[in-house]
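Only the coordinates and a few stated rules stand behind these numbers; no lab work does. Since this is a predicted model, take the numbers as computed values, not measurements. Quick reminder, even Gly has a Cβ in these numbers, built from the backbone with ideal geometry, and neighbours come from all protein chains shown.
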Amino acid sequence: MCTLTAFPIAFGYYYAWSHAIVAFESWWATRFIGFALTFLVFPPLTWYFLDESPFTLKTITCVFLALCIIGVQSYMK
C-alpha cells in the first residue's frame, strides 16, 4: 500500500507546496504555516489512536501558539 500511494502523495505535496509559496509570497511563511498545521493535527490523532488527552495545559498552550503562528503568517504582510 505504501508503494502504491507514495508517488501520488509526493506529487500532491509538491503541488500544494508550490501553490502555497505563490499564495503567501514567501518560503518562510509557508514553512511556518506547515509547521503549525502539523501541530494542529497531531493532538487529535494522538487522542484518537493513542488515547492521550490533548486537554493538558501544555498542549492547549501549544495549539494556541500554533494558531497564532498561522494568524500572523496569513494576515500580516
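Of (1) 56, 26, 21; (2) 40, 26, 18; (3) 42, 36, 12, which one was derived for Cα extents along the principal axes in Å from the structure shown?
Here the calculated entry is (3).
So for 17, 28, fewest C-beta neighbours within 10 Å to most, what's the order?
28, 17
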